[in-house]
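Heads up: the structure comes next, in structure tokens.
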Amino acid sequence: MSPRLTSRSSRTSALRTRAAVLAAGFGMSAVLGAGVAVAADTTSVGTSASASASVSGVASAVEAQAAAQAKAAKTAAAAKAKAAAAKAKAAAAKKAAAKKAAAKAAAKKKAAAKAAAKKAASWVHPVRKYTLSAKFAQAGGMWQSTHSGQDFAVNSGTDVVAAHGGTVVKAGPNGAGDGPAYGNAIVIRHGNGTYSQYAHLSRIDVRVGQVVRTGQHIARSGNTGNSSGPHLHFEIRRTADYGSAIDPVAFLRAKGLSL
């Protein structure tokens, strides 16, 4: 073989070898590029997954916060409603208590008025701190027949009151028309045909026609007329005049008085 041919052959071989190396290099580059692309895709997928997970976490947190706020609002509303109900209940209780107190006060006032009316309609003792002496229908030399009333032994000047409300129909000396034995006397007309008489008085403090109430002062006790000592002669009559008397002690006891 000639040197020229050998040189050409060697050059050709070298070119082929270089071409093969370049081709291999291009192949490797392609493979490497593909790997890089795959890696890039893998990284992108991982990043997307992480982003999705992060968004999902934020959404869950927001949802939990919203739920907590809703629960807190519901609790606050319930507490407010409970407070309002308690306030309304307290107001109702206060109103009921005020109504009850008003009713109690009205009942008390009514009872007081009723008691006052009852007291006004009741009978009382004509004098206080007395001693019962000569009794009704008692025989004795000081009376024309028998004693026509009940004597209350008291000091002269003792306060004498109307045993019951009524109108004065007699008042004056000489028994106010019933005779000198009674001394100064008063007769009061009451309802239901009942009259009361007060005799042997030292002073008369009412006049005929005057309306008096139960327990009102009308005179002072004394020792005028046919009297053996200071006392009040008290009668209950069916008319204004002498001769219609009934037992005054039994009458007053029937009215609830103790003598």
Sequence order, the range 208-216: Karplus ³J(HN,Hα) from phi using 6.51 cos²θ - 1.76 cosθ + 1.60, θ = phi - 60°, Hz rounded, Gly and Pro as x, gives 4, x, 6, 8, 10, 9, 4, x, 6
Sorted by accessible surface (1.4 Å probe, heavy atoms of the protein chains only), largest first, 239, 75 come out as 75, 239
Here, residue 174 and residue 107, labelled 7 Å along Cα→Cβ, have an inter-label distance in nm of 6.0 nm
Whole-Hz Karplus couplings 3J(HN,Hα) for the range 247-258, θ = phi - 60° and coefficients 6.51, -1.76, 1.60, Gly and Pro as x, run 5, x, 5, 4, 5, 5, 5, 5, 8, x, 8, 9
Applying the gyration tensor rule to the Cα atoms of the range 183-249 (axes a ≥ b ≥ c; rounded if a/c under 1.5, else prolate if a/b exceeds b/c, else oblate), the class is oblate
Taking placed amide H atoms and a strict 5 Å upper bound, the residues 5 or more places from residue 149 or on another chain that come that close are 137
Sequence order, the range 62-67: Karplus ³J(HN,Hα) from phi using 6.51 cos²θ - 1.76 cosθ + 1.60, θ = phi - 60°, Hz rounded, Gly and Pro as x, gives 4, 5, 5, 4, 4, 5
To the nearest 0.05, the calculated FRET efficiency linking residue 226 and residue 114 through their beta-carbon distance, R0 being 35 Å, is 0.20
With a Förster distance of 30 angstrom and the Cβ-Cβ distance between residue 100 and residue 258, calculated FRET efficiency to the nearest 0.05 equals 0.20
The set of residues whose placed amide H lies less than 5 Å from the amide H of residue 231, leaving out same-chain residues fewer than 5 positions away, is 154, 222
Counting only protein heavy atoms and leaving out ligands, DNA and RNA, the solvent-accessible surface of residue 195 at a 1.4 Å probe, in Å² to the nearest 10, equals 40 Å²
Amide H neighbours of residue 170 at under 5 Å, excluding residues fewer than 5 places away on the same chain, with H built from the backbone geometry, are 187
The extension gain from residue 208 to residue 250, computed as 0.36 nm times the residue separation minus the Cα-Cα distance, is 12.4 nm
Full extension between residue 83 and residue 241 adds, at 0.36 nm per residue less the Cα distance, a length in nm of 48.9 nm
Between residue 69 and residue 92, Cβ-based FRET efficiency (R0 35 Å, step 0.05) works out to 0.55
Of every hundred units of 1.4 Å-probe accessible area on the range 202-259, the number belonging to carbon and sulfur atoms, as a percent, is 46 percent
In terms of the alpha carbon gyration tensor, root eigenvalues a ≥ b ≥ c, rounded if a/c is under 1.5 and otherwise prolate when a/b exceeds b/c or oblate, the range 126-259 is rounded
Row for the range 61-114, column shape: gyration tensor on C-alpha, a ≥ b ≥ c, rounded if a/c < 1.5 i.e. under 1.5, prolate if a/b over b/c, else oblate; value prolate
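The values are calculated or read from the model by the stated rules, or taken from the named source; none is laboratory data. Here the structure is a predicted model, which means the values were calculated and not measured. Quick reminder, even Gly has a Cβ in these numbers, built from the backbone with ideal geometry, and neighbours come from all protein chains shown. Please note that ligands, DNA and RNA were not included when accessible areas were found on the heavy atoms of the full protein model with its side chains. Shrake-Rupley method; radii C 1.70, N 1.55, O 1.52, S 1.80 Å.
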